[in-house]
Amino acid sequence: MTQQRGAIIVGASSGIGEALARRLADDGYEIGMAARRTERMRQIGSELPTKTYVATIDVTDTDDAREGFFELAAAMSSVDVVVISSGVAHVNRDLEWEPERETIDVNVRGFTAIATAAMEYFEGTPDHASATDGHLVGISSVAAHFGTGNVQAYNASKAYVSTYLEGLRSRQAQRDADVTITTIEPGFVDTKLSLGGFWECSPETAADQIARAIRKQRNHAYVTRRWRLIAGFLDLAPEWLLRRLF
């Protein structure tokens with residue numbers, strides 16, 4: 001068994017992904033960074049206290065993204081955690097096709113391409129620094145709990161992410177490999193994707209709480225934890241009330 005833990009973060013060039021790369025590096029993980037902005041990742045990597053690896057991938061090119069993921073994993077001494085943090089959000093009141101298409105390509109197709117690649121890697125690669133066979137973390141959103149106009153594709157895509165990860169946990173219960181699967185549902189985080197300021201936290205606070213969920217091997221975590229209250233309300237509220245609120 002290798003002793004150096006490693007984490008791949010897809011979407012590591014900004015926002016939650018960048019903050020989590022810094023947080024996990026401080027925890028001693030070697031970091032594999034995957035995103036489109038190569039120079040930005042190299043700059044971040046030069047500032048981390050552990051060894052870093054960089055892969056330039058665009059998750060909308062799913063075949064190339066999967067190939068890049070496997071190449072990145074092969075270059076690292078161990079991959080114990082894979083975090084899928086890449087995502088886009090558009091306010092699209094006029095239902096223009098291009099913003100809806102990009103949201104689906106990144107948040108659904110791209111997410112699934114990397115999630116399946118990570119599971120294939122964990123189930124086929126027995127040598128890890130951690131005691132388990134791997135840990136897949138998907139960044140969803142509290143927006144997964146309701147549909148609303150203007151950002152309908154984003155909310156729907158995050159519902160897909162949460163449900164897909166739930167399905168993977170169900171599948172994993174029937175498999176020999178011991179892979180932990182964690183769904184992270186943030187509320188508002190101060191990034192370019194943020195659509196509001198209510199209970200908004202910094203990317204660093206989000207990264208601290210996600211790192212804690214990884215360490216505790218949680219199945220599900222809200223960021224920040226108070227957003228559990230909002231998610232519960234959204235699940236119970238009648239549609240007419242949600243229409244008035246949103």
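For the chain, with the dipole built from +1 on Lys and Arg beta-carbon atoms and -1 on Asp and Glu ones, taken about the Cα centre, which of Leu245, Gly149, Ala7 lies farthest toward the positive end?
Leu245
Before I look further, what does the chain give for accessible area per residue, probe 1.4 Å, in whole square angstrom? It would help to have the intermediate numbers written out before the result.
Numbers: 11610 Å² over 246 residues.
Using a 1.4 Å probe on heavy atoms only, each residue of the chain averages 47 Å².
So how far, in whole Å, is the C-alpha centre of region 168-246 from the one of region 106-129?
Going from one Cα centre to the other spans 20 Å.
Compute the helix-to-body angle for 62-75: its Cα long axis versus the longest principal axis of the chain, expressed 0 to 90° and rounded to tens.
Roughly 40 degrees between the two axes.
Report the calculated FRET efficiency for Arg93 and Asn219 (r = Cβ-Cβ distance, R0 = 35 Å), to the nearest 0.05. Intermediate results must be reported in sequence, preceding the final value.
Values: r = 36 Å, r/R0 = 1.02.
So, using R0 = 35 Å, E works out to roughly 0.50.
Working out 0.36 nm times the residue gap between Ala237 and Arg175, then minus their Cα-Cα distance, what length gain in nm do you get to one decimal? Before the final figure, lay out the partial values.
On the way: separation 62, 0.36 × 62 = 22.32 nm, distance 3.65 nm.
Extra length from Ala237 to Arg175 when fully extended: 18.7 nm.
Using a simple charge model, +1 on the beta-carbon of Lys and Arg, -1 on the beta-carbon of Asp and Glu, nothing else, what dipole does region 16-86 show about its Cα centre, in debye to the nearest 20? Please report the intermediate quantities before stating the final value.
Values: 8 positive and 13 negative charges, 50 e Å.
Charge dipole, region 16-86, about its Cα centre: 240 debye, nearest 20.
Using a basic spin-label model with each label point 7 Å from the Cα along Cα→Cβ, how many nm lie between Glu200 and Leu229?
Inter-label distance under the simple model: 2.0 nm.
Suppose every Lys and Arg Cβ carries +1 and every Asp and Glu Cβ carries -1, with no other charges. What dipole size does the chain come out with about its Cα centre, to the nearest 20 debye?
Values: 26 positive and 33 negative charges, 176 e Å.
Around 840 debye, computed over the chain.
Would you mind checking the tilt of helix 111-124 against the longest principal axis of the Cα atoms of the chain, expressed as 0 to 90 degrees and rounded to 10?
With rounding to tens, the tilt is 30 degrees.
When a/c is below 1.5 the answer is rounded, else prolate if a/b is larger than b/c, else oblate, so apply that to region 1-139 with a ≥ b ≥ c taken from the square roots of the Cα gyration tensor eigenvalues. Numbers along the way, then the final one.
Working: a/c = 2.21, a/b = 1.57, b/c = 1.41.
It is prolate, given that a/c is not under 1.5 and a/b is the larger ratio.
Among Ala113, Ala75, Ala221, which one moves the most in a GNM of the chain with springs linking Cα atoms closer than 10 Å?
Residue with maximal mean-square fluctuation among Ala113, Ala75, Ala221: Ala75.
What is the packing order of peptides 23-33, 167-177, taking the mean over residues of other C-beta atoms within 10 Å and listing the highest first? Mind showing how you got there, number by number?
Details: 23-33: 21.4, 167-177: 12.2.
Ranked from most to least packed, the peptides come out as 23-33, 167-177.
Hand me the chymotrypsin sites (Phe, Trp or Tyr not before Pro) from region 138-190 located in a DSSP loop with no more than 16 other Cβ atoms within 10 Å, in residue order please. Could you put the intermediate results ahead of the total?
Numbers: sites: Phe146, Tyr154, Tyr160, Tyr164, Phe188; in loops: Phe146, Phe188.
Answer by residue number: there is no such site.
With the full set of protein chains in place, find how many percent of the accessible area of the chain is carbon and sulfur; take the probe as 1.4 Å. Could you put the intermediate results ahead of the total?
Working: 5610 of 11610 Å².
Ligands and nucleic acids excluded, carbon and sulfur reach 48 percent.
Mind telling me which of Gly110, Gly147, Gly17 comes out most flexible in a GNM of the chain, alpha-carbon contacts under 10 Å?
Judging by the Gaussian network model, the answer is Gly147.
Go through Glu200, Glu120, Glu239 and list them by solvent-accessible area, largest first, probe radius 1.4 Å. Don't skip to the end; give the middle numbers.
Values: Glu200 75, Glu120 105, Glu239 130 Å².
Reading off the accessible areas and sorting them downward yields Glu239, Glu120, Glu200.
Please give the helix 15-26 orientation as an angle from the longest Cα principal axis of the chain, in degrees from 0 to 90, rounded to the nearest 10.
30 degrees
In whole Hz and in residue order, list the ³J(HN,Hα) couplings for region 187-192 that follow from phi through the Karplus curve 6.51 cos²θ - 1.76 cosθ + 1.60, θ = phi - 60°; x for Gly and Pro.
x, 7, 10, 6, 10, 5
Cross-link candidates for Lys51: which lysines have Cα within less than 29 Å, leaving aside residues fewer than 8 places away along the same chain?
Output for Lys51: Lys192, Lys216.
The values are calculated or read from the model by the stated rules, or taken from the named source; none is laboratory data. Since this is a predicted model, take the numbers as computed values, not measurements. No Cβ is skipped: glycine too gets one built from the backbone with ideal geometry, and neighbour counts run over all protein chains shown. To get the accessible areas, we keep the full protein, side chains included, count just its heavy atoms, and leave off ligands, DNA and RNA. Shrake-Rupley method; radii C 1.70, N 1.55, O 1.52, S 1.80 Å.
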